[in-house]
Amino acid sequence: MDIKDIIKQFRNIERPSSNDDVLPVVSIGGMLHKLSVSPEGFPRFFVATSITSSPSQNIIRELLSVEYNLECTISKDDGAKEDNIFTVITLRTPEHALQDYFIEIVVMMLAKFQKEPTCHEVAVEVENLISIFSALNNPPRKKIQGLWTELLVIDQASFPNTLITAWHNDTTAKYDFTLGRDKIEVKSTSSEKRVHRFSYDQLNPSAHSQLLIASAIVRESGENENGLSIYDLYEKIYKRLHVTDYRLKMYKVIAETVGSDVVKLKEVHFDYIQAVDSLKFYDARKVPHINEEGIPAHVSEVKFASDLSDVEDVLSGDSDFDYSKSPLYKSLFTPKNEES
């Protein structure tokens, strides 16, 4: 089931008039669910639902509308007509970029369902869909470069599933990745020196926590085989994931992070080779920082810049950092053939 092919077929559908009783559709693999287009040109999914399921309340949001338990007539590829009960999910925007993301996300969502899900099962996934597309109306939470570098860390991990599980489970979290007591904070710079900005709190996790600082030199690039966008990195990681929930989690975090900057997902590119070559991990305890004794009483929100150029990488032969008991850190560094 190729997403790009489904999107291409969608673009070729002739818009129906508001008076048409039968709708042209795109088939989605061997599923009963279909993709169609509204008279306005909006993508509209028809999700075949169990006729015995109790209806949920219809939903109308700025970008999304959801109508449950509609009896519809579908025109199949061979010209035959088919009546069924559907939940109809429509993305109300003419922007092709958002339409493409919507189609990709809903197809992933449909792959999780049994042949004919109940309205309740659809409603649960619709809430996730609303969360993603509501986030795209919000201001961005961080720069594109920062998100790109976080995806680079996931991309370079031996086991990306674990990284995705630990990634931004709380939008207000202090660290980019948290799994139990283990944390990773990701920093990037476009300068020659490996200088990053920290807050005092960032480099002082709780007493029994471990913190790694991931650092990379990331510079904008033209679009080529080594100049990758956020969407390019997403696709690289996507191919290594075999559980739909991990793929949807990636989309959710990306949407919450970029917000209204969604157009930049495919437009801004960074030098992938240089970033990979420069990616290093540091024990936060070794990073130059300000001690608590150096902060005057009643002073808070202390921030400073630290140069990590002379700090020892935890993967160097002389490092005493032990990651062997950490599922999070092992997912970063352990070769697949050594995984226990």
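A few remarks follow.
- Options LYS330, LYS280; residue that is of a type in the set (Lys, Arg) and out of contact with any strand residue (DSSP E or B) (no Cβ under 8 Å at 6 or more places or on another chain): LYS330
- Sub-7 Å Cβ pairs linking a first residue in region 21-34 that is within 14 Å of GLU82 (Cβ to Cβ) to a second residue that is basic (Lys, Arg) and not in a loop (DSSP other than H, G, I, E, B), at least 6 apart or interchain, are VAL22/LYS81; VAL25/LYS34; SER27/LYS34, ordered by first then second residue.
- Taking residues in region 112-129 that are more than 20 Å from GLY30 (Cα to Cα), and partners anywhere that are not in a helix (DSSP H, G or I), the pairs with Cβ atoms closer than 6 Å and at least 6 places apart or on different chains are CYS119/THR49; CYS119/SER53; CYS119/PRO55; CYS119/SER56; CYS119/TYR68; ALA123/SER56; VAL126/VAL66.
- Flag for SER158 being of a type in the set (S, T, N, Q), closer than 21 Å to ARG92 by Cβ and in contact (Cβ under 8 Å) with a residue 60 or more places away in the chain: no
- Selection count where residues are modelled with pLDDT of 90 or more and of a type outside the set (A, V, I, L, M), scope region 290-332: 13
- Filtered by the rule that a residue be more than 17 Å from ILE213 (Cα to Cα) and within 16 Å of the chain's Cα centre (by Cα), region 138-161 gives ASN138, PRO140, ARG141, LYS142, LYS143, ILE144, PRO160, ASN161.
- Sole residue being aliphatic (A, V, I, L, M) and surrounded by 20 or more Cβ atoms within 10 Å (Cβ to Cβ), chosen from LEU152, LEU179: LEU152
- Filter pass, SER260 being modelled with pLDDT of 95 or more and small (Gly, Ala, Ser): no
- Condition broken by LEU91, with the remaining ones in (1) within 30 Å of LEU35 (Cα to Cα); (2) surrounded by fewer than 15 Cβ atoms within 10 Å (Cβ to Cβ) satisfied: (2)
- Residue within region 247-265 that is surrounded by 20 or more Cβ atoms within 10 Å (Cβ to Cβ), within 23 Å of THR178 (Cβ to Cβ) and small (Gly, Ala, Ser) present: yes
- Only residues that are out of contact with any Phe, Trp or Tyr (no Cβ under 9 Å at 6 or more places or on another chain), part of a loop (DSSP other than H, G, I, E, B) and modelled with pLDDT under 75 were counted in region 54-86, giving 5.
- In region 230-256, the residues that are free of Cβ contacts under 8 Å to residues at least 40 places away in the same chain reach residues that are assigned to a helix (DSSP H, G or I) with C-beta atoms within less than 7 angstrom, at least six apart or across chains, in these pairs: TYR231/LEU265; TYR231/LYS266; TYR238/ARG247.
- Once region 266-296 is narrowed to residues that are of a type in the set (Asp, Glu) and in a helix (DSSP H, G or I), the residue that is surrounded by the most Cβ atoms within 10 Å (Cβ to Cβ) is GLU267.
- Hits in region 1-51 - residues which are part of a helix (DSSP H, G or I) and not basic (Lys, Arg): ILE3, ASP5, ILE6, ILE7, GLN9, PHE10, ASN12
- Of all residues in region 187-244, those satisfying the criterion of being at pLDDT 95 or above, among the hydrophobic types (A, V, I, L, M, F, W, C) and outside any strand (DSSP E or B) are VAL218, ILE230, LEU233, ILE237.
The values are calculated or read from the model by the stated rules, or taken from the named source; none is laboratory data. These figures come from a predicted structure and were not determined experimentally. Cβ atoms come from the backbone with ideal geometry, glycine included; neighbour counts cover every protein chain shown.
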